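To start, the structure itself, in structure tokens.
The values are calculated or read from the model by the stated rules, or taken from the named source; none is laboratory data. Here the structure is a predicted model, which is why all the values come from computation and not from measurement. Neighbour counts are summed over all protein chains in view; Cβ atoms, including those assigned to glycine, are modelled from backbone coordinates with ideal geometry. The protein model used for the area step is the full one, side chains on, heavy atoms only, and it has no ligands, DNA or RNA in it. Shrake-Rupley method; radii C 1.70, N 1.55, O 1.52, S 1.80 Å.
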Amino acid sequence: SWFPSITTTASGSAGLVAFRSTARARRQICATGKTRAVGALTWLMLQHKVVDEGYDTFEGFRVMRPSLMVDIAWVKMAAAKGQERPVIRWLNDHVDDVITPALLRDIYYIANDYQHPRIALAAAERLYWRTATDSDQYLYASALLANGRQAEAFDHIKELKENGFAIEPQLYNSLLYAIAPNDPKYRPEIIALLQAELAQPNLPEERQIAI
């Protein structure tokens, strides 16, 4: 998960610690616009899933205390809330110097944790085209899969596997089984996979019949 864990003090619950810390961070932002307070408040609200209030809070701060850090906090809360159009518009309106790979990964993981797959895909796609690393390509493939785009996801998974990236055989095979019936280009590979399985010693009879 994207979220770090909050430390509970011996004298109170995590919720009470979070409430007091959140109130203190808000006061600091209102009074000074301190960057550190913005980050702390974002973290606390995401950690404790105070999404609606967090989104409204940073909407207000964008007017009261406009800054890049406030904007970044807002887009993270918007991703958690599932504000697809505002998030994608924000991503499209800002240059790469502002939208760093680290920020795109945060948006991906937040959207993924809050089950907003289209926002996660928008972040993962931009991230992959920025970095072209194997790990970010895997995030992109995962986002494609979460959006029902199995064939595209498989092509990336296959490329990663051929490049030596560790791919779970179960994931690779299940994707291949899912897409092969609908696309002839995958059939030679699925046939080879099934033949290899049939050649295994002690393969259960019911599995042989199924193949």
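Tabulated data for the structure shown
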read-out: Shape category assigned to segment 105-152 from the gyration tensor of Cα positions, a/c cut at 1.5; value: oblate
read-out: Dipole axis of segment 123-205 (+1 Lys, Arg; -1 Asp, Glu on Cβ), positive-most option in L175, T131, A192; value: T131
read-out: Label-point gap, in nm, between E53 and N92 - each point 7 angstrom along Cα→Cβ; value: 3.4
read-out: Area of D106 that stays accessible when all protein chains are in place (1.4 Å probe, Å², to 10); value: 40
read-out: Net dipole in debye of segment 103-211 [+1 Lys, Arg Cβ; -1 Asp, Glu Cβ; about Cα centre; nearest 20]; value: 280
read-out: Under 15 Å from the Cα of K161 - aspartates and glutamates, other chains or at least 8 residues apart; value: D134, D136, E152, E189
read-out: I191 paired with E206, simple spin-label distance in nm, labels 7 Å along Cα-to-beta-carbon; value: 2.9
read-out: Residues in segment 38-65 that a label on Q115 would reach, taking backbone N under 20 Å of a point 7 Å out along Cα→Cβ; value: 46-55
read-out: Convex hull of Cα atoms in segment 72-211, direction-averaged projection (nm²); value: 10.2
read-out: Whichever lysines have a C-alpha closer than 26 Å to that of K49, once near sequence neighbours (fewer than 8 apart) are set aside; value: K34, K76, K81
read-out: Dipole magnitude of segment 114-170 about its Cα centre (Cβ charges: Lys, Arg +1; Asp, Glu -1), debye to nearest 20; value: 220
read-out: Nearest-10 value in Å² for the accessible area of R65, using the 1.4 Å probe; value: 80
read-out: Extended-chain gain in nm, criterion 0.36 nm per residue less alpha-carbon gap, A199 and E159; value: 11.8 nm
